[in-house]
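Reviewing the structure listed below.
Since every read-out is calculated from the coordinates, none of them should be taken as a lab result. Bear in mind that the values here come from a model prediction, so they are computed numbers and not experimental data. Backbone-built Cβ (ideal geometry, glycine too); neighbour counts: all protein chains shown.
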Amino acid sequence: MPGPGFRIPFGADVRRRLVVIGLDCAAPALLFDRFRDDLPVLGGLAARSAVGRMRSCDPPITIPAWAVMWTGQPPGRLGLYGFRHRRGASYTDGWLATSQSVRAPAVWDHLGGAGRPSVVIGSPPGYPVRPIHGHAVGCFITPPGRPYTHPPALQAEIEALVGEYRVDVPFRVEDRGALLDSLYDMTARRLRVVRHLLTTKPWDFFHWMEIGTDRAHHAFWKFMDPEHPRHVPGHPLATAIRDYYRYLDREIGELLGLLPDDALVLVVSDHGAKRMKGAFCVNEWLVAQGELVLRRRPDRPVPVEAAEVDWSRTRAWGWGGYYARIFFNVAGREAAGIVPPAAVPALARDLAERLRAVPDASGAPMATTVFAPGERYPEVRGDAPDLMVYFDDLSWRSAGTVGHPGGAWYLDENDTGPDDAVHDYDGVFILYDPRDGRRRELGTVDILDIAPTVLELLGLPVPADLPGRPLGARGGVG
């Protein structure tokens, strides 16, 4: 049954409105299974909803995933392959994704064109805040001290309500107890803003995205999970993730009690999460393979951009992160390129075969996926890598640093700060329609189907260039 604060809605046949609760990185294995009995509100909502897992995009990363969800366009068409991107054919320069990197209209842009207002809180990439027909609050990439609202006057209204508005917390830190305090403080302030805007601003589409779930997974997974390779039995933070989910569940119950009777409710995450086994040093491996040549080995781990690379003898190098991006040193493209363009396909096949054959630290096979962007995306725009590598089904991060003692390939920990979790392919999907109220199992839905589904539910036409389909068209909802 629904938890406290939940009402069974009924109401007149009016223009539909939708509330989207976005829980970044929320994992089906936690929300639907492990924590199911601890979440009476979300469990009660799911019992009366169309429910499924949501397959994320490639790569399943916060940026581009939320942009893919709300524009309905795949990463290749958006030209977004993560948060950080290589700048053209440069060996060292890069750029960071912002709201200005997304050139396709989002759901709220379509609604605005029809004169229907939206409230969007924290949906990335949300800096700089783009003008919308309604009200917007920036996301976790907003730099300290920068404006974070549309209209600008909303910022003063928020700060009068909560004081400092926290878009994020540092989460790759050693002091996990202090992080937990900051996490609750950030979320509590945001929820005050959510309730305020929900009840004082006009909206047909209301979207709150909470980054705290992601930060909790990365900071506390090893304390919760006995199968984590760095599990700490009996740690005081063993229930930190569960308790945070329970806290959100109670708060969501209060929000549901504030909604108009006929409002649709969508709970969704951009991707999932699972334990991190370790980090694979892709550039150390490329050095050992003779593909990346250093003039001098660093005496400590440094980013490959800071290493003394002999580009006249290097054929490939990589970047770290949740997945590895491999770049080729192509003649006529890179300044000191040595790989003839005609040889690129053979090099790609050869490197992919060798990467798939790499074992884990114990010598056991890894389920590694390697593909060129053109194999996954119908269009490849922007500064795409030459190869994308998911080590061991994403269970191993890619470490891009070089200079590890002995040229080590395997690290127990992330090379950019403490981290307990990696991303998984599937997020969650719960769509509640008060006019229906039946539980329907959807199986797995595609992230590209979310935008057309929302547009159809709200009575807007679905643009012909969206590759996804409304779920109602296949009998899923509606």
Q | Radius of gyration and Dmax over the Cα atoms of segment 24-125, both given in Å | A | 17.1, 53
Q. What does the charge count near P229 come to, summing +1 for each Lys or Arg and -1 for each Asp or Glu among other residues with Cβ under 15 Å from its Cβ?
A. -2
Q: Note the angle between two axes, namely the Cα long axis of helix 212-224 and the longest principal axis of the Cα atoms of the chain, as a number of degrees from 0 to 90, rounded to the nearest 10.
A: 70 degrees
Q: Highest first, please rank the peptides 170-182, 439-451 by the mean number of other Cβ atoms sitting within 10 Å of their residues.
A: 439-451, 170-182
Q) Just the projected area, averaged over all directions, of the convex hull on the alpha carbon atoms of the chain: how many nm²? A) 22.6 nm²
Q.
Amide H of G94 versus every other amide H placed in the peptide plane: which residues, excluding those fewer than 5 positions away on the same chain, fall under 5 Å?
A. R87
**Q.** Inverse of mean 1/r across different Cα pairs in segment 278-418, Kirkwood, Å
**A.** 15.3 Å
Q: Express the relative contact order of the chain as a whole percentage, based on alpha carbon pairs under 8 Å and six or more residues apart in sequence.
A: 27 percent
**Q.** Residues R15, R242, sorted so that the one with the fewest Cβ neighbours within 10 Å comes first
**A.** R15, R242
Q) Taking other Cβ within 10 Å of each residue's Cβ, how do S99, S56 sort, fewest first? A) S99, S56
Q: Name the aspartates and glutamates eligible as straight-distance cross-link partners of K277: C-alpha to C-alpha under 16 Å, and not fewer than 8 places from it in the same chain.
A: D225, E227, D360, D392, D393, D412, E413, D415, D419, D420, D424
Q: Pull out the extension gain between R354 and A156, defined as 0.36 nm times the separation in residues minus the alpha carbon to alpha carbon distance; nm, one decimal.
A: 65.7 nm
Q. Which whole-Hz ³J(HN,Hα) couplings does segment 341-351 yield from phi under the Karplus relation 6.51 cos²θ - 1.76 cosθ + 1.60, θ = phi - 60°, glycine and proline marked x?
A. x, 5, 8, 4, x, 5, 5, 4, 5, 5, 5
